[in-house]
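Taking it in order: structure first as structure tokens, then the write-up.
The values are calculated or read from the model by the stated rules, or taken from the named source; none is laboratory data. Being a predicted model, the structure only gives us computed values, none of them experimental. Cβ atoms come from the backbone with ideal geometry, glycine included; neighbour counts cover every protein chain shown. Remember, those area values only see protein heavy atoms, side chains included, never the ligands or the DNA or RNA. Shrake-Rupley method; radii C 1.70, N 1.55, O 1.52, S 1.80 Å.
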Amino acid sequence: MSTKKKLKQTPSQTAGPYLHIGFLPEEVGINSSLSRELNNLILSEKTEGTRIEISGKIYDGNNEVLKDAIVEIWQVDSNGNYQSRLTKKNKYDKNFSNWGRTSCDFNTGLWKFNTIKPGIVQLNKSEILAPHIWLWIVARGINLGLYTCMYFSDENTLNKLDRNLKKLNNNNNLQSLFAVYTEKYKYEFNIHLQGAKETIFFDV
Amino acid sequence: MDFFDKNLHNSFYPIDKDIHPKSFFPDYKSSILRSPKKHLVSIDTIISDLHGNMFDKNDLGLLDNDLTRNFNKHNEPIGERIVVYGKLLDENSKPIPNSLIEIWQANSSGKYRHSGDTYKAPLDPNFGGWGRCLTDENGNYYFKTIKPGAYPWPNGGNNWRPAHIHFSIFGLSFLQRLVTQMYFEGDPLIAKCPIAQSISNKKALESLISKLDINKSIHMDYIAYQFNIILRGDKSIPFEKSE
Ligand SMILES: [Fe+3]
């Protein structure tokens, strides 16, 4: 069988300092009254599952907080179902978007999502993924968007069974993947781009 | 039988390290403290199916892809009127339909509508610099806009960004997520720009330079530039036979 020659990927470039215009135009006073913002669609009142808040800050190599980054999240619904294009019998919660976007606060650098606790993904009879949320970060100075994955520090039993975490057992910075349970339904997930506490970033 | 058994592995071709810029590129000063020092950790995922195809036409406004009108629809902005169009494909040459593409840019004098932009050049009351669209069933997209101006930026020297439009592309999976910048054919500033030059592969950088397409230009209205975008290909979909 003959094959078409593979095309080459389009290279990435930094999102630069003015990324809010493209990602969250209302934050810089560009009101698109004719259409809706896409970032606020993650939850509705009908969404199933436990409401949680996840938040954190992103630190550079000098331990300075980034105030100009954009964070996006992807996750499964509260029952561990993927929003899927490959399966027809999709049980995915129609009132939940698997995707969210926010910016770091211009003054404090804090980013925050109100979402639901993702469910356990049953991969097959013996393997699971513990509840987790994927994060993707872009900012000035980041040439290629960074992927990391947040797990929950209060899910120790499930985390021990997680298919991916098992493989990371020898990684010195494994702790960087666990969001800290701060108060009821609230989790803190700080990200370090460099240094002793450097977050594990993934080649996905 | 089990859905996940079939799709347990990441089904996308890897990020091509020869094509993309290095994370740490000291000529671009901001990358020095913001680039991870450790190697990225490879992970065997099933997340290829956490896809980004959750937007539809109802989410978008009618003027979202017309930057000449979507900020102030009554008056025309200043500058060279252009159309930027192209195809969104994956590495297998397969068109990617219904993908969100977002763009942002400076106005014709090189000024962004953003509180962080301190360049002296003026804002244009009729230009926001924001746009978005969905690719059609054949992966085509287009924007109507104003050619952005070059602008100076703080990077330790006399640095000027070549004219460019920022692109954010979703694809069908979050593994295909891409942010990049489109440049313009013939711009002498590309060769002097540390951000553009963070891509060491010459051909890869050339693929970010849009081509003037005089045939697509509209008489006495706008001039056209073509920019095709290629995202990671799905390994699980076999190559099409060549014609
Ligand atoms: Fe720019």
### Message
charged (D, E, K, R) and closer than 19 Å to B:TYR85 by Cα: is that true of B:LYS120 in this structure?
### Response
no
## Note on the structure
Across the range A:49-77, the tally of residues that are modelled with pLDDT of 95 or more and in a loop (DSSP other than H, G, I, E, B) stands at 12
### Query
What is the one condition in (1) in contact with a strand residue (DSSP E or B) (Cβ under 7 Å, 6 or more places away or on another chain); (2) more than 15 Å from the ligand (Cβ to nearest atom); (3) open to solvent by 10 Å² or more (accessible area, probe 1.4 Å) that B:ASP64 does not satisfy?
(3)
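If the requirement is being within 16 Å of the ligand (Cβ to nearest atom) and in contact with an Asp or Glu (Cβ under 7 Å, 6 or more places away or on another chain), which of these qualifies: B:ILE165, B:ILE209? It would help to see each step written out before you state the result.
Values: B:ILE165 fails: in contact with an Asp or Glu (Cβ under 7 Å, 6 or more places away or on another chain).
After ruling out the rest, the residue left standing is B:ILE209.
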### Query
How many residues does the range B:80-108 contain that are open to solvent by less than 10 Å² (accessible area, probe 1.4 Å) and within 16 Å of the ligand (Cβ to nearest atom)?
7
### the range A:125-154, residues that are within 11 Å of chain B (Cβ to nearest Cβ) and open to solvent by 30 Å² or more (accessible area, probe 1.4 Å)
A:LYS125, A:GLU127, A:ARG140, A:LEU144
### Single unsatisfied condition, B:ALA121 versus (1) surrounded by 18 or more Cβ atoms within 10 Å (Cβ to Cβ); (2) more than 11 Å from chain A (Cβ to nearest Cβ); (3) closer than 22 Å to A:GLU27 by Cα; (4) within 15 Å of the ligand (Cβ to nearest atom)
(1)
### Task
Determine if the range B:42-59 includes at least one residue that is open to solvent by 20 Å² or more (accessible area, probe 1.4 Å) and modelled with pLDDT of 90 or more.
no
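Name the one entry in A:LYS186, A:LYS167, A:LYS117, A:LYS197 that is modelled with pLDDT under 95 and open to solvent by 10 Å² or more (accessible area, probe 1.4 Å).
After ruling out the rest, the residue left standing is A:LYS167.
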### Message
Quick check on the range B:227-241. Is at least one of its residues among the hydroxyl-bearing types (Ser, Thr, Tyr) and within 16 Å of the ligand (Cβ to nearest atom)?
### Response
no
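For the range B:13-28, give me each residue that is over 19 Å from B:LEU175 (Cα atoms) and surrounded by fewer than 18 Cβ atoms within 10 Å (Cβ to Cβ).
First pass over the range B:13-28, keeping only residues over 19 Å from B:LEU175 (Cα atoms): B:24-28.
Within the range B:13-28, B:PHE24, B:PRO26, B:ASP27 meet the criteria.
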### Task
Determine whether the range B:168-183 contains at least one residue that is free of Cβ contacts under 8 Å to residues at least 60 places away in the same chain, in a loop (DSSP other than H, G, I, E, B) and within 11 Å of chain A (Cβ to nearest Cβ).
no
### Message
B:TYR183 - would you say it is farther than 19 Å from A:HIS20 by Cα, surrounded by 19 or more Cβ atoms within 10 Å (Cβ to Cβ) and within 13 Å of the ligand (Cβ to nearest atom)?
### Response
yes
